[in-house]
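Single-structure report; data block below.
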Amino acid sequence: GTGSIVNQGSIQTTEGGYVAFLGRTAINQGIINAPKGSVVLGGASTATLTFQDHSLVSMQVDESVLNTLAENGGLVKANGGMVLMNAGAKNTLLASVVNNTGVIEARTVENREGGIVILGGMAAGTANISGTLDASAPDGGNGGFIETSAANVLIADDVHVTTTSSDIALTGTWLIDPTDFNINAGTGASTVNGIGADTLSTSLGTGNVTIATSANGTELG
């Protein structure tokens with residue numbers, strides 16, 4: 001259908017619970033908190049949810065329609081758990097967009113690492129990354145994992161991404177995985193696929209960063 005799901009309120013699960021918004025457009029403008037659980041914002045026409053031990057562990061977009069959207073402009077928390085934003089089937093040629101302008105927090109809790117995954121289609125999807133992505137381990141343990149992947153990944157100059165641990169040797173990793181990628185002078189990206197060198201340098205102070213390009217899209221990779 002063409003409908004949208006928009007949260008402007010406050011949603012709280014019990015420990016280990018999950019929240020999943022699935023539709024052509026899935027938007028959070030409020031607060032979602034799923035401690036040691038999962039939060040999924042999925043822009044899709046057909047999706048597959050995978051559960052293990054009564055917990056939501058993954059979501060895959062199987063089919064897309066044009067201009068699917070997953071967006072967070074509020075606060076999403078899943079400390080000790082996972083936050084997944086996904087719009088657009090992996091190899092679809094239909095345009096899709098994933099936007100983050102708010103705060104996503106999935107910190108390590110009681111040795112349970114957090115994870116944040118933001119995915120757009122690898123053939124025609126766009127991921128616009130600003131705001132805060134926090135998969136740190138401020139109370140010890142391994143820092144978490146953050147992935148931002150799409151055909152085009154645009155990193156804003158005001159982004160704050162952290163996977164750092166109070167034990168620096170256990171700091172986690174931020175993976176940036178588009179088809180092509182430009183590291184531009186200064187703070188901002190000058191194309192639809194890139195990051196400013198100063199922004200990247202700042203991010204290296206709060207975690208490991210891996211940049212890998214894929215040949216799945218229309219660009220060379």
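The values are calculated or read from the model by the stated rules, or taken from the named source; none is laboratory data. All values reported here derive from a predicted model rather than from experimental measurement. Cβ atoms come from the backbone with ideal geometry, glycine included; neighbour counts cover every protein chain shown. Side chains included, ligands, DNA and RNA excluded: accessible areas come from the protein's heavy atoms. Shrake-Rupley method; radii C 1.70, N 1.55, O 1.52, S 1.80 Å.
Considering the stretch 41-56, the residues that are open to solvent by 10 Å² or more (accessible area, probe 1.4 Å) and in a strand (DSSP E or B) include one that is farthest from Gln12 (Cα to Cα), namely Thr46. Listed by position, the strands (runs of 3 or more DSSP E) inside the stretch 1-40 whose residues that are over 20 Å from Gly115 (Cα atoms), more than 16 Å from the chain's Cα centre (by Cα) and touching a residue at least 60 places away in the same chain (Cβ under 8 Å) number at least 3 form an empty set.
Across the stretch 70-92, the qualifying residues are those that are of a type in the set (Gly, Ala, Ser) and in a strand (DSSP E or B), and the one among them that is farthest from Val39 (Cα to Cα) is Ala87.
Annotation: Thr108 fulfils all but one of (1) modelled with pLDDT under 95; (2) more than 10 Å from the chain's Cα centre (by Cα); (3) buried (at least 19 other Cβ atoms within 10 Å of the Cβ); the unmet one is (1). The residue that is least open to solvent (accessible area, probe 1.4 Å), counting only those in the stretch 127-164 that are aliphatic (A, V, I, L, M) and more than 16 Å from Val117 (Cα to Cα), is Ala137.
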